[in-house]
1. Considering only region 116-126, state which residues are touching a Lys or Arg at 6+ places or on another chain (Cβ under 8 Å) and crowded, with 16+ Cβ neighbours inside 10 Å.
2. Within region 15-50, track down each residue that is under 29 Å from His89 (Cβ atoms), without any contact (Cβ under 8 Å) to a residue 24 or more places away in the chain and over 27 Å from the mean Cα position of the chain (by Cα).
3. Which one of the conditions (1) farther than 18 Å from Leu213 by Cα; (2) at pLDDT 95 or above does Glu308 fail to meet, given that it meets all the rest?
4. Identify all residues within region 133-155 that are in a loop (DSSP other than H, G, I, E, B) and either within 17 Å of Ala360 (Cβ to Cβ) or aromatic (Phe, Trp, Tyr) (or both); write none if there are none.
5. Tell me which residues, restricted to region 135-151, are touching a residue at least 60 places away in the same chain (Cβ under 8 Å) and in contact with a helix residue (DSSP H, G or I) (Cβ under 7 Å, 6 or more places away or on another chain).
6. Does Ala366 satisfy being more than 30 Å from Ala267 (Cβ to Cβ), modelled with pLDDT of 95 or more and assigned to a helix (DSSP H, G or I)?
7. Which of the residues that make up region 179-214 are of a type in the set (Asp, Glu) and at pLDDT 95 or above?
8. For region 160-178, state whether one or more residues are closer than 26 Å to Leu82 by Cα, without any contact (Cβ under 8 Å) to a residue 40 or more places away in the chain and buried (at least 20 other Cβ atoms within 10 Å of the Cβ).
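The values are calculated or read from the model by the stated rules, or taken from the named source; none is laboratory data. Owing to the predicted nature of the structure, the values given are computational and were not obtained by experimental measurement. Using ideal geometry, Cβ is built from the backbone for each residue, glycine included, and neighbour counts are taken over all protein chains shown.
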Amino acid sequence: MSDTPTDLWEKGLAELLLRIGGRFARVESRRRMRDYVRGLLGPVGRKNGWQLAEYAGHATPDGLQHLLSRSRWEADEVRDDLHAYVAEHLGADNGVLIIDDTGFVKKGTTSAGVQRQYSGTAGRTENCQIGVFAAYATFRGHTLVDRELYLPKSWTEDRERCRAARVPDDRVFATKGELARAIILRALASPLPIGWVTADSAYGQDSHFRRFLEDHQLSYVVAVPKSQQVHGPRIDHLIGQAPPEAWQRLSAGSGAKGERFYDWAAARLPAVWEFDGDEPTRQRWMLARRSIAKPDEIAYYLASAPLEATVADLARIAGCRWKVEECFQSAKNECGLDQYEVRRYVGWYRHITLAMLAHAFLAVLAGQEREKGEPSGTHPTSWTSHRPRFDVCWQLDPAAVLRTATTR
């Protein structure tokens, strides 16, 4: 007889918990870790200490709180196991690493890193913590794989406050971009196969971030603001010079209601000898995504890609950025990513890491369901314009070129 879904769930979860069990030296810690992860995956209304303890059959939440605060284990070691687990089950050539941050609204002033700061999650300035995350995405699935807690200068310049929250003495101020670079370096050293990186404009507008990606031979598609300068002119001014036939309708990937189509315009940028030498191995691009229903809504991107990459490839990678938003939503709704009650630095990393582990388990199960008969996508070709403007080379929509030719 074949295994039932419940059997497969239990078998897969038991294998995952056994995989990380060696990171917990004491049997009590291992049992509490298993109860904690099972609670994060379970039908618990709000995944706080008391409700998780009740679900696990504990009389009080003391044991689970001890797991997060005083028990001896390293969250970074579990994160490394998470990397290996995701690589094994979801890894694929040209995997996409997606960088983004999310806010955790908190009360008071004692939670590590908390202050009034802008939260994209809330869409306004809130009293919150900010975490910088990486998600990993392939055709097999997507999940969160790494995290860093952002500590504002109001924290790093107050060492007494840091010590009260158990922030390590060697933890100094780092920008979100610097935290993102550290995450990418760890991912490159992990078993995760990474071909591309994508991020929103908060990271994409940072020239140091883009140069870091190029120095590590990583292909990328990153959003930038409309005021981004490209060899002098603003990107929105350059895109405004695109000929009508440069716009082509392409999918940015599938969503809840099917393929997400937009109009895209892309242009190859000239090589920079200082960086590329006489024989460039990569091609830099600028591109724009225009809403079909609201043509005034245009998003802008810079990219660096293999020479053989097409506009369809770039549109697909740009569209992958939404997957990290899906990860945040599902990890918060289903795995309690934001429902922690810890205040100290170590506790934040421990809860977040175990919540990411639970989320990865769900992503792997979903990926296994899709393994049967996954269709392979096709990549439309693009033609090169013979009318370069501002020393860029527009990529024309083949259908538009043919329509123009037949009407002459």
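1. Selection gives Glu126 alone.
2. Once the filter is applied, which keeps residues that are under 29 Å from His89 (Cβ atoms), without any contact (Cβ under 8 Å) to a residue 24 or more places away in the chain and over 27 Å from the mean Cα position of the chain (by Cα), region 15-50 yields Gly22, Val27, Arg30, Arg31.
3. Against the list (1) farther than 18 Å from Leu213 by Cα; (2) at pLDDT 95 or above, Glu308 comes up short only on (2).
4. Phe139, Arg140
5. Ala135, Ala137, Arg140, Gly141, His142, Thr143, Leu144, Val145, Asp146, Arg147, Leu149
6. No, not satisfied.
7. Asp200, Asp206
8. no
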